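The values are calculated or read from the model by the stated rules, or taken from the named source; none is laboratory data. These figures come from a predicted structure and were not determined experimentally. Please note: Cβ atoms are built from the backbone with ideal geometry, for glycine as well, and neighbour counts cover all protein chains shown. Each accessible area value is taken on the protein alone, full model and side chains, heavy atoms only, with ligands, DNA and RNA left out. Shrake-Rupley method; radii C 1.70, N 1.55, O 1.52, S 1.80 Å.
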Amino acid sequence: MAFPFSSCKQEYAFLSSLLLVLPLLLLISSSVADLSFNFYSSSCPGAEFIVRNTVRSASSSDPSVLGKLVRLIFHDCFVQGCDASVLVRGNGTERSDPGNASLGGFDVIESAKNVLEIFCPGIVSCADILVLAARDAVEALGGPVVAIPTGRRDGTVSAAENVRPNIIDTDFTVDKMINIFSSKGLSVQDLVVLSGAHTVGAAHCNTFNSRFKRDPRGNFELIDASLDNSYAQTLLNKCSSSMDPTTAVVNNDPETSSTFDNQYYKNLLAHKGLFQTDSALMEDDRTRKIVEILANDEESFLERWTESFMKMSVIGVRVGEEGEIRRSCSSVN
């Protein structure tokens with residue numbers, strides 16, 4: 001299967017994305033020069049097709065896996081770069097850190113790797129599989145088809161101590177978020193655009209239920225005034241005291257949770273950002289202006305997502321003789 005597209009429309013979308021991101025590759029880093037859009041064309045021509053089919057198959061039985069794959073790529077690329085280090089199992093690994101306890105989608109990556117090891121043993125990296133799977137998840141949710149260069153190699157180190165200093169916590173200020181994004185070579189615009197991933201997926205109640213509570217009489221009390229009152233009451237009811245807040249989940253987007261669109265930004269304008277970090281984007285002039293633009297122009301959001309996602313996908317990539325090609329994504333060779 002040399003050609004992975006199922007329709008002319010999909011091919012056109014991919015080519016449009018390719019034209020959009022090509023100039024960016026020249027501006028990011030020298031290591032990106034070792035990546036290419038046809039890296040596996042000779043060594044494993046069906047690689048991207050296999051990943052896409054694995055994602056589609058998994059989502060047909062569990063649609064929630066798509067949002068999990070989108071989240072997973074953030075937690076990999078922001079810690080030591082896009083090297084699949086978050087996939088490694090074991091004590092003291094990134095995956096074992098409490099900040100990564102709620103991550104999912106690992107089985108999808110491992111399933112794709114298992115198939116690829118049958119047809120192309122030792123060729124396709126877990127790092128590439130993870131980035132491609134996240135890209136395909138966005139597409140499956142109705143988002144843009146993003147052209148992604150491949151050729152990443154897998155990291156050989158995965159340490160829990162590297163997680164907390166590099167991921168965004170739900171109570172961060174805009175300044176803290178900008179600092180972390182800047183350390184990865186990402187701009188304020190990238191911060192706002194990539195936050196748009198919260199238009200899909202779900203979150204555990206304990207990540208946002210400090211924004212409201214019940215008083216001693218059992219009445220609702222809003223703690224965070226940046227949150228819409230009625231929305232907060234709805235969240236409180238869904239995260240009732242009879243439920244375990246570490247397992248109870250709520251959709252990130254209360255309106256179109258299974259569609260990759262710009263509804264997230266419309267929710268922010270209505271003060272319905274699920275996390276404190278979401279609401280914070282409306283309280284800072286640097287980010288609020290971008291939110292307003294994206295809320296009113298879905299096409300602009302999808303185009304900017306294509307650019308920002310590609311930039312994130314090449315953070316700290318290992319290429320050439322660096323790293324390795326793992327035989328199993330859950331362990332180093």
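Annotations
- Failed item, numbered, when GLU110 is tested on (1) farther than 16 Å from CYS329 by Cα; (2) of a type outside the set (Gly, Ala, Ser); (3) buried (at least 16 other Cβ atoms within 10 Å of the Cβ): (1)
- Scan of segment 176-202 for residues that are in contact (Cβ under 8 Å) with a residue 24 or more places away in the chain, out of contact with any Ser or Thr (no Cβ under 6 Å at 6 or more places or on another chain) and not in a loop (DSSP other than H, G, I, E, B), ordered by number: MET177, ILE178, ILE180, VAL188, GLN189, LEU191, SER195, GLY196, ALA197, HIS198, THR199, ALA202
- Of all positions in segment 48-60, none carries a residue that is over 20 Å from SER125 (Cβ atoms) and at pLDDT below 95.
- Only one of the numbered conditions (1) closer than 17 Å to ASP278 by Cα; (2) modelled with pLDDT under 90 is not met by SER241, and that is (1).
- Single condition PHE220 does not satisfy, out of (1) within 28 Å of VAL88 (Cα to Cα); (2) in contact with a strand residue (DSSP E or B) (Cβ under 7 Å, 6 or more places away or on another chain): (1)
- Taken together, the residues in segment 49-75 that are assigned to a helix (DSSP H, G or I) and either hydroxyl-bearing (Ser, Thr, Tyr) or open to solvent by 60 Å² or more (accessible area, probe 1.4 Å) (or both) amount to 9.
- Applying the set (1) crowded, with 21+ Cβ neighbours inside 10 Å; (2) within 16 Å of the chain's Cα centre (by Cα); (3) over 18 Å from GLY316 (Cα atoms) to THR93 leaves exactly one unmet item: (2).
- Among residues of segment 195-206, those that are buried (at least 19 other Cβ atoms within 10 Å of the Cβ) and either out of contact with any strand residue (DSSP E or B) (no Cβ under 7 Å at 6 or more places or on another chain) or at positive phi (or both), counted: 7
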